[in-house]
Each structure stands twice: as C-alpha cells, then as structure tokens.
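Read the structure below first, then the notes.
The values are calculated or read from the model by the stated rules, or taken from the named source; none is laboratory data. Keep in mind that what you see is a predicted model, and the values were worked out from it rather than measured. Cβ: placed from backbone, ideal geometry, glycine included. Neighbour counts: every protein chain shown. SASA here: full protein model, heavy atoms, side chains in, ligands and nucleic acids out. Shrake-Rupley method; radii C 1.70, N 1.55, O 1.52, S 1.80 Å.
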Amino acid sequence: MLFSLSPGSLLAVAGVLRGPERREPTPAEDWRRAVVDVVIPASRHQHSIVHCLSSLLSQTRPPRRVVLVDDGGSDRDHTAQIAREFAIANGMDLVVIERLWSIGRTPTIKRQARELDCDVEFILDGDTVLESPDYIERCVRELYQGVGIASVGGLRLPMRARHRRRWADSEPFRRWVGGDDYRDPYLQGGAEGFARWIADGYRESAALFSQGFVQRGQMALLGGVAHPAGGAVAYRRRYLKDLFDRYEPHHGEDMSAVPEIFIGLALDHEGYRHVQLTDLRARSLEAAPEHLPRQLRENTMAFLQCCRAFDALLRTPFQQPRQWWRRRQARRQIANGTRPEQRRVVEAYRQPFGARLTHQQGRPIGWALVLAMFDRLAFPAMLLLFAAAASWTGLLAAVAIEMLGWLGVLMIVSRGERMAMLGKGLIAAPLRYPAACVELYSLLGFIGRSPVSVVQEHRH
C-alpha cells in the first residue's frame, strides 16, 4: 500500500516534474521482425477465457501463435474445451496444453520460455483482456528500443461489469455463442455484487495511484519500475530462459507466489530494466472481496521474500557514496590525461550488466525497493503510534492530509473520468487503512522470522 505522504510518493513527484531522459533510441534490432508468441497460463478460467481470447483477435499486431496452458490439474474445469470451441468458431490458431496435475504458474512460464523459439514471450493471464487494441504492438516496439529492456507492460486495472459486457458483445464472442443466450455468472446484484464493486473500486484506485503515478515517476528518474504489474507483459524470451537456467538450481521449481515479482527483481539484479507504458491498459478479473486480505498478504510476503533473495539491490543507497567518489576520481583522471575516456553508451538509462556489479555498486532501481519497504512501514506505524498515544487530533489531521493528496493524485492521473475516480477514491477510502495494517502485520512478522521458516512456508 502506497501513501501520498511517503518518500516513495515524493520521489514520484520529482520524477514526474523532471520528465524522462530525452535521448533518441538506437535499437540494434528491428522490432517489426520480432516473432511474438502469447502464452496464457490458465487455471479454472472457464468464465473468462473467451473474453481473453476475444481481446487478442482485436489486436493490431497479432501473435504468431497462442499457447493456452490449462494448469488446473485434477480440479480443472472446462477452460480448455471452451477455448478450443472459440478457436474453431473464429479460425484462431490456438495450441492447448492440458496438465494432468498442476505445477504452478512460474514453472509454466519457465517451460514455455525453454520450449518456444519466439523472440518475445507475451504472458497473458486467462482472466485478463487487452483493452488497448495496440497493446502487443506497442509493447514489442518499446521492448526493442534497447537491449537493456527486459519487459514491457501497461496499466493493469480491475475488470468491471461494463468491461465484461463490452467483450461479450464483441463479434468474436458472438460467433462463439452463436444463437444461444449467454449469462455471465460474474454479473451479480445485491449485497455480493455491491461488495465486489467496492473491492474493485479500491483495487482500481490503488492501481492508478501506484502504476499511474508512483511508477511513472520511477520511470522518469530510474528508467524503469521494480517489476512488471503482471497480467499482460511482453518479455524477451531469451532473457527469461537465461534467468530460469541461472536461478532454478538455487530456488527450486516454484520461485515465488507472485512470479512477476521474482522475475522482475532477478532481471533487475542482472542490470535489465522493466518499462511501463501508462497509456496502455489491460483489465483483469479480481478475486472475490473476501479474498482481499489474503491477496494483500501473499503479495507482501512475495515482495519481501524476493527482496531477501536479491538483497544486493536493497544495499544500493549504501553503495552510492563510494560510487560517487569513484566517478569523481575518474573524471579528474580523464581531465588530467592519466586515464583514457571510456566509451559512452547511447541507450537511455543503460547500465552495465552482471550480478557482480550489482553486489559492488547496486542498481538505480534499488532506491525504489528501499522506499517501497519504508513506505509499507512508516505511515501505518505513525498512525498506530497516534492511536496508542490517544492523539486523535494528530491522527485525524494525518489521515485528512494524506487523503487530500491521495484524491488529488487520482484526479490528475485518471484522465477523462476524474469525477468518477474521485467518487471511487472516497468510497474505497475505508479499505485503505485496514489494508495497510495487513501489510504492516505481514512485514513485521516477516522481519521476526528466519529465512528457513519463510522458505518452508512458501513451499508448503
């Protein structure tokens, strides 16, 4: 959970005001020649897989191949069967893989990275639709702007009822339905539908704040984000394959409960970057409202586990003074003629590759990770201290100021629907602080435990 009164938000303000580095990209490869395969890890997505496949057919850059991996195991539903029926009805080239037992999302991504021969492995969740028709095209084009870019994605937002209706009315969807009536089980009314609407409003406002504002500032200052948002991300397949070959012997088959975080930080550790395009949007069907606390805890624990695995990134702020001094000495030697000037890399935000250099000097994105860790701890702890001291005036003042900043940012980043987002932000406000307490509890519990116990819990 990110707050408007936090160091991470101040870093984002500095980045947004400064703007991105202006340098003409000089790609070494032509993005138009890149071979793109879409991999859809699916597990019990029978009520969303047609929406997902329909959005692929509307893309301006169609993939060469679509591979659907049904990983439901013995509990799988009719996802694979429905996907085949849709592909036949629309003449879609679809490869379906059905697993007799579930192996997990991370091993699925790993196996396809090794088995496919494409240049770009586009990971699309089975409950996600590509709202922007040029989503794949823009991601692939940005991916090839420099060799240091490992992944590209857009904003990932919750899928609301109106979005599901839109895709259910699309031409590919209607061809699959034929003359039959389609009743969407997720279009619920009453108390259950209202609870889902509130939870999705909270998720949407939180996603816009973190992805549309905080990570936008990180993009400008640091050249990338810590890890992709997931759901719809284009990766360089070769980078993924090398990553799994390197880390599988040490971390096992299932590396994290949230693979995007592990993959993101592992690539950060090697010196690659993750780019986020804020004008591209994907929509994902979120879990039921009662699963929100568990989802928050899983995401927090996965983030903390990956930070522990790649702790060299978190040591970046402590490496900076020494690196500043070395650069200063190098400039003096070049000016005195005692040292030849090194070749300058033209690519924007380019940094040397290799885990050894990460241990020696850190990475710029390490600042974002350190501030994210601090943000999860500082503001909720301050509110709890106010409450423990019975300083209700200070507590209300802090909450009011933070809420004004939060709503102001939401209105700025939600172009075209500012008043609607203001209403969603106000309605979802009561969920923000309990959610922050869940993250704080997870963080404090993680700090007090040994690495062995954390790994054992994750594996079981």
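Answer with yes or no whether Phe353 is open to solvent by 60 Å² or more (accessible area, probe 1.4 Å) and not in a helix (DSSP H, G or I). Show your work before the answer.
Values: open to solvent by 60 Å² or more (accessible area, probe 1.4 Å): yes; not in a helix (DSSP H, G or I): yes.
Criteria met by Phe353.
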Next on the checklist: Filter the stretch 45-83 down to the residues that are open to solvent by 10 Å² or more (accessible area, probe 1.4 Å), of a type in the set (D, E, K, R) and under 24 Å from the mean Cα position of the chain (by Cα) and list them by number.
Outcome noted: Arg61, Arg65, Asp71
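Name the single residue that is surrounded by the fewest Cβ atoms within 10 Å (Cβ to Cβ) among those in the stretch 206-224 being hydrophobic (A, V, I, L, M, F, W, C) and in contact with a Leu (Cβ under 8 Å, 6 or more places away or on another chain). Step through it out loud before you land on a result.
Quick first cut of the stretch 206-224, residues hydrophobic (A, V, I, L, M, F, W, C) only: 206-209, 213-214, 219-222.
After this cut, where a residue has to be in contact with a Leu (Cβ under 8 Å, 6 or more places away or on another chain) as well, the list is 206-209, 214, 221.
On the way: Ala206: 21, Ala207: 16, Leu208: 21, Phe209: 26, Val214: 27, Leu221: 20.
Step by step, filter the stretch 206-224, then rank; the result is Ala207.
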Next on the checklist: Among the residues of the stretch 181-195, are any more than 22 Å from Ala87 (Cβ to Cβ), surrounded by fewer than 18 Cβ atoms within 10 Å (Cβ to Cβ) and among the hydroxyl-bearing types (Ser, Thr, Tyr)?
Outcome noted: yes
Checklist entry - within 30 Å of Val96 (Cβ to Cβ) and at pLDDT below 95, is that true of Gln46? => result yes
Checklist outcome for this item: When Ser151 is run through (1) modelled with pLDDT of 95 or more; (2) within 16 Å of His47 (Cα to Cα); (3) among the small types (Gly, Ala, Ser), the failure sits at (2)
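One line per residue, one yes/no per condition, for (1) at positive phi; (2) in contact with a His (Cβ under 6 Å, 6 or more places away or on another chain):
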residue: Thr79; (1), (2): no, yes
residue: Asn90; (1), (2): no, no
residue: Arg99; (1), (2): no, no
residue: Gly104; (1), (2): yes, no
residue: Ile136; (1), (2): no, no
residue: Gly153; (1), (2): no, no
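It is to be established whether one or more residues within the stretch 264-283 are open to solvent by 50 Å² or more (accessible area, probe 1.4 Å) and touching a Pro at 6+ places or on another chain (Cβ under 9 Å).
We begin by selecting, within the stretch 264-283, every residue open to solvent by 50 Å² or more (accessible area, probe 1.4 Å); these are 279.
Filter again for touching a Pro at 6+ places or on another chain (Cβ under 9 Å), leaving none.
Scanning the stretch 264-283 turns up no residue that is open to solvent by 50 Å² or more (accessible area, probe 1.4 Å) and touching a Pro at 6+ places or on another chain (Cβ under 9 Å).
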Checklist entry - Within the bounds of the stretch 145-154, is there any residue that is among the hydroxyl-bearing types (Ser, Thr, Tyr) and in contact with a Phe, Trp or Tyr (Cβ under 6 Å, 6 or more places away or on another chain)? => result yes
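Considering the stretch 362-396 alone, what residues qualify as being open to solvent by 50 Å² or more (accessible area, probe 1.4 Å) and assigned to a helix (DSSP H, G or I)? Reasoning before the result, please.
Here is the first cut: in the stretch 362-396, the residues open to solvent by 50 Å² or more (accessible area, probe 1.4 Å) are 364, 367, 374, 377, 382, 384-386, 388-390, 392-393, 396.
Passing the criteria: Trp367, Phe374, Leu377, Met382, Leu384, Leu385, Phe386, Ala388, Trp392, Thr393, Leu396.
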Checklist entry - Taking Thr108 and the conditions (1) modelled with pLDDT of 95 or more; (2) buried (at least 21 other Cβ atoms within 10 Å of the Cβ), which numbered condition does it fall short on, given that it satisfies the others? => result (1)
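Hey, could you check the stretch 84-105 for residues that are touching an Asp or Glu at 6+ places or on another chain (Cβ under 8 Å) and over 15 Å from Ser48 (Cα atoms) and say which is surrounded by the most Cβ atoms within 10 Å (Cβ to Cβ)? Full working, then the answer.
Our first condition is that a residue be touching an Asp or Glu at 6+ places or on another chain (Cβ under 8 Å); within the stretch 84-105, this holds for 87, 96-99, 102-105.
Within this subset, residues satisfying the condition of being over 15 Å from Ser48 (Cα atoms) are 96-99, 102-105.
Details: Val96: 17, Ile97: 17, Glu98: 15, Arg99: 17, Ser102: 16, Ile103: 15, Gly104: 16, Arg105: 22.
Among residues in the stretch 84-105 that are touching an Asp or Glu at 6+ places or on another chain (Cβ under 8 Å) and over 15 Å from Ser48 (Cα atoms), the one surrounded by the most Cβ atoms within 10 Å (Cβ to Cβ) is Arg105.
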Checklist entry - Would you say Gly408 is out of contact with any helix residue (DSSP H, G or I) (no Cβ under 9 Å at 6 or more places or on another chain), of a type outside the set (A, V, I, L, M), modelled with pLDDT of 85 or more and part of a helix (DSSP H, G or I)? => result yes
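What residue, among those in the stretch 412-425 that are surrounded by 15 or more Cβ atoms within 10 Å (Cβ to Cβ) and either hydrophobic (A, V, I, L, M, F, W, C) or touching a Lys or Arg at 6+ places or on another chain (Cβ under 8 Å) (or both), is farthest from Leu208 (Cα to Cα)?
Residues of the stretch 412-425 surrounded by 15 or more Cβ atoms within 10 Å (Cβ to Cβ): 413-414, 421-422, 424-425.
The next check asks that each one be either hydrophobic (A, V, I, L, M, F, W, C) or touching a Lys or Arg at 6+ places or on another chain (Cβ under 8 Å) (or both); those that pass are 413, 421-422.
Values: Val413: 7, Met421: 10, Leu422: 12 Å.
Per the stated criteria, the residue is Leu422.
Which one is surrounded by the most Cβ atoms within 10 Å (Cβ to Cβ), of the residues in the stretch 225-261 that are among the aromatic types (Phe, Trp, Tyr) and at pLDDT 95 or above? Lay out the reasoning, then the answer.
Just the residues of the stretch 225-261 that are among the aromatic types (Phe, Trp, Tyr), to begin with: 235, 239, 244, 247.
Now narrow it down to the ones that are at pLDDT 95 or above: 235, 239.
On the way: Tyr235: 26, Tyr239: 19.
By that ranking, first place goes to Tyr235.
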Checklist entry - Does at least one position in the stretch 117-140 carry a residue that is crowded, with 20+ Cβ neighbours inside 10 Å, of a type in the set (Val, Ile, Thr) and over 26 Å from Ile263 (Cα atoms)? => result no
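Results for (1) in contact (Cβ under 8 Å) with a residue 24 or more places away in the chain; (2) under 21 Å from the mean Cα position of the chain (by Cα); (3) farther than 23 Å from Ala12 by Cβ, shown as yes or no for each residue.
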| site | (1), (2), (3) |
| --- | --- |
| Gln351 | yes, no, no |
| Gly354 | yes, no, yes |
| His359 | yes, no, yes |
| Trp367 | yes, yes, no |
| Ala390 | no, no, yes |
| Gly394 | no, no, yes |
| Gly405 | yes, no, no |
| Leu410 | yes, yes, no |
| Val413 | yes, yes, no |
Item to check | Single unsatisfied condition, Leu94 versus (1) over 23 Å from the mean Cα position of the chain (by Cα); (2) at pLDDT below 95 | outcome: (2)
